[in-house]
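Everything below concerns the one structure shown next.
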Amino acid sequence: MKQYIIKGGTRLSGEVEIGGAKNAALPIITAAIMTDETVLLNNIPDVNDVNVLLDAIASIGARVQRVDRHTVRISGKSINSSKVEYEYMRKIRASYYLLGALLGKVKKAEVPLPGGCNIGSRPIDLHLKGFNALGIDTEIKGGDVIGDARALEGGRVYFDTVSVGATINVMMTAALTDGVSVLENVAKEPHVVDVANFLNSMGAKIRGAGTDNIRITGVKRLHGCEYSVIPDQIEAGTYMFAAAATKGDITVTNVITKHLEATISKLVDIGCSVDVFDDSVRVYVKEGKELTSTHVKTLPYPGFPTDMQPQIGCVLAVCKGVSQIKESVFENRFKYLDELKRMGATVSVEGQVATIEGVEKLSPATINAHDLRAGAALCCIAIGTSGYTIVEDIEYIKRGYERFDEKLRGLGAIIKEVDSERDIQKFKLRNA
Ligand code: EPZ
């Protein structure tokens with residue numbers, strides 16, 4: 001099993017270029033099959049989830065041509081099946097976007113029901129509620145969601161819970177649904193807006209993305225286009241918190257600073273210095289500055305992102321004072337705190353609230369990455385912790401972070417991917 005070994009006690013510094021947003025690229029790749037013409041996508045992150053989804057659309061007949069590691073050409077003209085195999089859903093939940101794309105394009109779909117994951121049960125009832133509002137019959141049979149969109153018509157749906165996935169999935173189908181559809185209480189994440197912009201560049205008529213309500217006037221067909229995916233706000237925030245975790249000085253480049261406002265606000269709250277430029281942000285900790293506690297509640301955008309919760313949680317473990325985190329999006333996103341406790345953190349969890357009392361310093365340990373964000377966050381705090389730390393289950397991290405160890409080494413980290421005790425001993429000898 002592949003692991004990262006880290007020799008901690010390093011102050012990270014330098015520049016890191018941020019890649020395309022995974023959570024925009026996944027639905028955009030899926031929506032690209034909705035036209036029979038060719039779509040050219042730029043700034044696609046080279047991460048495992050994207051590569052699995054490209055395999056999934058190819059498995060139903062889409063033509064996929066990787067121009068280079070960040071550029072892909074897709075055509076949905078040769079789609080010959082509306083049934084998605086379980087192996088793809090098992091690997092990535094975002095395969096459920098194929099429901100929205102296929103129901104819009106071929107008016108039927110058979111997609112495995114996604115399972116839960118380490119951060120929650122992850123139901124898709126709101127996706128189904130949205131599809132039903134468009135006149136689509138949905139049935140759960142043999143572990144699959146079977147959708148029949150022969151009676152497709154514009155409709156209105158209010159999402160009880162703000163859901164990124166449900167908003168995007170139903171928006172895709174509505175783009176090719178006769179009549180006007182109105183989606184209310186929608187997600188406003190940058191990646192929701194990016195998908196709407198992409199669909200509009202294919203000829204869709206979508207208005208209001210980024211606000212509470214989205215209005216879609218259906219069109220008969222979508223045409224090809226060339227599109228560039230937005231930068232990844234979560235990848236950027238992860239490296240910004242790495243500056244705090246190691247009391248370093250990191251500039252993230254190729255970002256949209258507006259998407260980072262909640263992250264910047266919390267970094268300033270705990271005592272970091274932040275300089276914001278046109279398309280880059282510098283985060284640093286002044287010499288002798290002690291980082292201090294804060295309270296944070298995760299919320300849908302523009303609130304503090306749940307995908308940044310482990311990153312701030314790991315840093316608060318070494319911030320002076322008592323901090324509280326309220327996780328209001330997912331029901332089980334504190335598992336990483338058990339790993340942090342193994343490094344000497346003082347934390348307790350009551351329901352959706354974690355209380356973290358900052359300690360002077362953590363100690364190295366062998367720890368587990370329970371999900372990609374927790375894995376990345378634990379690596380960053382390990383880099384700021386003197387001694388050798390081993391992080392296991394790093395496949396999670398590779399799902400959403402391109403060249404993670406390489407980018408960290410570029411900032412001065414002493415980190416290596418290993419998969420044997422021998423490799424570990426060699427690393428320790430080389431970095432004694
Ligand atoms: C997306 O997941 C992201 N994944 C997640 O990022 C992110 O944490 C999440 O949005 C919230 O921002 C992708 O974009 C691929 P939701 P999604 O539907 O769409 C409940 C990462 O690290 N809900 O907004 O599945 C749900 O249980 C991943 O990149 C329902 O109850 O999240 C949760 O409590 C982790 N019924 C809340 O809504 C539904 O039908 C928000 O979930 C759908 C969701």
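The values are calculated or read from the model by the stated rules, or taken from the named source; none is laboratory data. Here the structure is a predicted model, which means the values were calculated and not measured. Cβ: placed from backbone, ideal geometry, glycine included. Neighbour counts: every protein chain shown. Note: accessible area is taken over every heavy atom of the protein model, side chains too, but ligands, DNA and RNA are not part of it. Shrake-Rupley method; radii C 1.70, N 1.55, O 1.52, S 1.80 Å.
Table for the structure above
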| read-out | value |
| --- | --- |
| Count of the range 259-272 residues which are without any contact (Cβ under 8 Å) to a residue 60 or more places away in the chain and open to solvent by 20 Å² or more (accessible area, probe 1.4 Å) | 7 |
| Subset of the range 164-181 [open to solvent by 20 Å² or more (accessible area, probe 1.4 Å) and more than 15 Å from the ligand (Cβ to nearest atom)] | D178, G179, V180 |
| Lone qualifier among T35, T30 - being β-branched (V, I, T) and either more than 16 Å from the ligand (Cβ to nearest atom) or in contact with a Pro (Cβ under 9 Å, 6 or more places away or on another chain) (or both) | T35 |
| The lone exception for A209 - which of (1) within 16 Å of the ligand (Cβ to nearest atom); (2) open to solvent by less than 10 Å² (accessible area, probe 1.4 Å); (3) of a type outside the set (K, R); (4) not assigned by TED's automatic domain parsing to the domain that holds L362 it fails | (2) |
| Residue within the range 137-153 that is closer than 29 Å to I256 by Cα, touching a helix residue (DSSP H, G or I) at 6+ places or on another chain (Cβ under 9 Å) and either among the hydrophobic types (A, V, I, L, M, F, W, C) or free of Cβ contacts under 8 Å to residues at least 40 places away in the same chain (or both) present | no |
| Some residue of the range 243-254 being surrounded by fewer than 22 Cβ atoms within 10 Å (Cβ to Cβ), within 16 Å of the ligand (Cβ to nearest atom), touching a residue at least 12 places away in the same chain (Cβ under 8 Å) and within 30 Å of I356 (Cα to Cα) | no |
| T161 β-branched (V, I, T), within 16 Å of the ligand (Cβ to nearest atom), more than 30 Å from H370 (Cα to Cα) and open to solvent by 30 Å² or more (accessible area, probe 1.4 Å) | no |
| Any hit, the range 376-392, residues being within 16 Å of the ligand (Cβ to nearest atom) and surrounded by fewer than 19 Cβ atoms within 10 Å (Cβ to Cβ) | no |
| So E139, is it away from the ligand (no atom under 15 Å from the Cβ), in a strand (DSSP E or B) and open to solvent by 10 Å² or more (accessible area, probe 1.4 Å) | yes |
| Meets criteria (over 30 Å from E360 (Cβ atoms), modelled with pLDDT of 95 or more and either in contact with a His (Cβ under 8 Å, 6 or more places away or on another chain) or in a loop (DSSP other than H, G, I, E, B) (or both)) for K247 | no |
| Answer from K416, K407, K426 - the residue that is in a helix (DSSP H, G or I), open to solvent by 20 Å² or more (accessible area, probe 1.4 Å) and in contact with a strand residue (DSSP E or B) (Cβ under 7 Å, 6 or more places away or on another chain) | K407 |
| Elements of type helices (runs of 4 or more DSSP H) contained in the range 81-134, each with 2 or more residues being of a type in the set (A, V, I, L, M) and within 15 Å of the ligand (Cβ to nearest atom) | 97-105, 125-133 |
| Residue that is closer than 22 Å to Q309 by Cα and at pLDDT below 95, where the choices are D419, D371 | D371 |
| Test: E184 is of a type in the set (D, E) and within 16 Å of the ligand (Cβ to nearest atom) | yes |
